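Right, one structure below, let's go through it.
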Protein chains: 2
Amino acid sequence: MTSSGLEPQQNGSDLAQQPVGIVGLGLIGGSLGLDLQARGLEVRALVHRSSTADRARERGLAQRVDTNPAVLQGCGLIVLALPLDRLLDPPLELREALPAEAVITDVGSVKQPVLERWRAWHPRFVASHPMAGTAEAGVEAGLAGLFAGRPWVATPDAGTDPAALALVRQLAECVGAQWLPCDAAAHDQAVALISHMPVLVSAALLEAADQGGQVAGAAALVRQLASSGFADTSRIGGGNPELGSLMARCNREAVLTALATYRQQLEQLEQLVQQERWDALAQRLQGTQALRPEFI
Amino acid sequence: MTSSGLEPQQNGSDLAQQPVGIVGLGLIGGSLGLDLQARGLEVRALVHRSSTADRARERGLAQRVDTNPAVLQGCGLIVLALPLDRLLDPPLELREALPAEAVITDVGSVKQPVLERWRAWHPRFVASHPMAGTAEAGVEAGLAGLFAGRPWVATPDAGTDPAALALVRQLAECVGAQWLPCDAAAHDQAVALISHMPVLVSAALLEAADQGGQVAGAAALVRQLASSGFADTSRIGGGNPELGSLMARCNREAVLTALATYRQQLEQLEQLVQQERWDALAQRLQGTQALRPEFI
């Protein structure tokens, strides 16, 4: 039993040898439960509240759902599908319930602090981040096929158990994700630039539109005239507030660095407007027009 | 003939009494030509290049298309569907070709400077702005139904000929748009906040994502990991560069004021991150989450 993660290259069947445990059945945990069961695996889930457990059973998110950490005993791989704050500050009861021989991974959107803490707590921890999502959260949010074609980042370092890493890779590929190993610091900087900082950029836009209508009639007019361009640019700034704050908190240094870079670029564009350098402004916008396809 | 715009309340048929002229057959002009013809009106169009005229005739954007301004003679209403720079600095030949008794309107996304200039040039000028668009431009861009359900702003002032205004309203409602009269300064401030300034905000985001990957591997990773949230937030910053520059140029004061408001909001959010005031940050994001439905 305990050798399940040790020869993962051998035949690719290791993931199926023991049940997979999932802690938390929100969007990521619930989606994972559905996909893994659809591929014939046994899934056992630990949730916090008994009402969540009831609903998760109704939805069939796992074969076994319990509020007792003992449900995780016998699992070869356990996925911590918890919000970042609970992941970084888990109940001792949860840590103690994790079998020492199991492979543990997470799904958090910040990797350096998670890796530091969990490596100290569990020898077979692998930091990972499936980059899939919808605007939904909670036990109703999980849906089949969420990970198909999406990147599943892992951030191994010199201390990562290679067999544990291979088992998490099997998990990612089993649900159709693209395995993407990289450095934890590079990951955290990248997500600060493309995800965490943009939440603040987008939120400030909503606040400016709300407060910037000083001319008589303009405050009502911004609301009447906002169309698809504004809807797109403001979307993530109007998203889950706890999540936005949590990301900034858990990736604070990278977010501040990204904001400083952002502010510098915006000030340069503002200067071009102030100085009426219209050709230079058009050139900068030609640059961003050419840049965008690199990201999309 | 010349009374066509003078009793517009009478029977609503004035728009049909004389041909409608369109100057420029890009996205707005071409779409207007298609919709007006579909409603049985006669449309005559003036374009700059003979190759455009050929293609416009093939597409049936107007019954008559010419590069000679004389095509506009006999039109009761003429729509200047020109880019802002050409609208603000039109060839003298065009101005001289506009019949003095015709009602003239425009479709520019900035209204104060347009109103000032054109009022001096033509007594029956009405400043207007149909707020509809796609990412396309040019003679291939026009499409039927573009204006349906969209706001059509007009910015009359004390000097606006009421009969001329009523005729432009007929035009807007004829293509299914929602008539929205307002103050020109309020309009210009509102579009700066929801459209012109956000282009720069979004462009700066692309530049920051491009340049902010300082950690080894991060520059490649931002490109691999950017997903739908970044795609939305960066969309208008990756749009038509000449248009973005032109809007900032023609609405410079309002754009600078909007940028100052924006910068202030963003700096406040940045301070909350710096000071690790996570509850306050979550509260601000709760505010923007609540705000967004007011705009969408």
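The values are calculated or read from the model by the stated rules, or taken from the named source; none is laboratory data. Everything quoted here is computed from the prediction, not taken from an experiment. Note that each Cβ is placed from the backbone with ideal geometry, even for glycine, and that neighbours are counted across all protein chains shown.
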Quiz item: Does residue A:35 meet the test of being modelled with pLDDT of 95 or more and either in a loop (DSSP other than H, G, I, E, B) or surrounded by fewer than 15 Cβ atoms within 10 Å (Cβ to Cβ) (or both)?
Solution: no
Quiz item: If a residue has to be farther than 25 Å from residue B:283 by Cα and at the interface with chain B (Cβ under 7 Å from one of its Cβ atoms) to count, how many in segment A:225-260 make the cut?
Solution: 3
Exercise. Answer yes or no as to whether residue B:167 is more than 19 Å from the chain's Cα centre (by Cα), part of a helix (DSSP H, G or I) and touching a residue at least 60 places away in the same chain (Cβ under 8 Å).
Key: yes
Exercise. Check whether at least one residue in segment B:68-76 is of a type outside the set (Asp, Glu), crowded, with 17+ Cβ neighbours inside 10 Å, closer than 18 Å to residue B:141 by Cα and modelled with pLDDT of 95 or more, and report yes or no.
Key: no
Exercise. Return a yes/no flag: does segment A:111-120 have any residue that is closer than 20 Å to residue A:82 by Cβ, touching a Lys or Arg at 6+ places or on another chain (Cβ under 9 Å), of a type in the set (Gly, Ala, Ser) and away from chain B (no Cβ under 14 Å).
Key: no
Practice problem: Being over 28 Å from residue B:274 (Cβ atoms) and at the interface with another protein chain (Cβ under 7 Å from one of its Cβ atoms) narrows it down to one of A:193, A:221, A:200, A:171, so name that one. | Solution: A:221
Quiz item: Of the numbered conditions (1) at pLDDT 95 or above; (2) under 30 Å from residue A:147 (Cα atoms); (3) buried (at least 23 other Cβ atoms within 10 Å of the Cβ), residue B:190 satisfies every one except a single condition; which is it?
Solution: (2)
Quiz item: From the list A:177, A:127, A:208, which one is crowded, with 20+ Cβ neighbours inside 10 Å, out of contact with any helix residue (DSSP H, G or I) (no Cβ under 8 Å at 6 or more places or on another chain) and of a type in the set (A, V, I, L, M)?
Solution: A:177
Practice problem: Kindly check whether there is at least one residue in segment B:212-230 that is without any contact (Cβ under 8 Å) to a residue 12 or more places away in the chain, in contact with an Asp or Glu (Cβ under 9 Å, 6 or more places away or on another chain), part of a helix (DSSP H, G or I) and surrounded by fewer than 22 Cβ atoms within 10 Å (Cβ to Cβ). | Solution: yes
Exercise. Take segment A:132-148 and flag every residue that is at pLDDT 95 or above and either out of contact with any helix residue (DSSP H, G or I) (no Cβ under 6 Å at 6 or more places or on another chain) or within 14 Å of another protein chain (Cβ to nearest Cβ) (or both).
Key: A:140, A:145, A:146, A:147, A:148
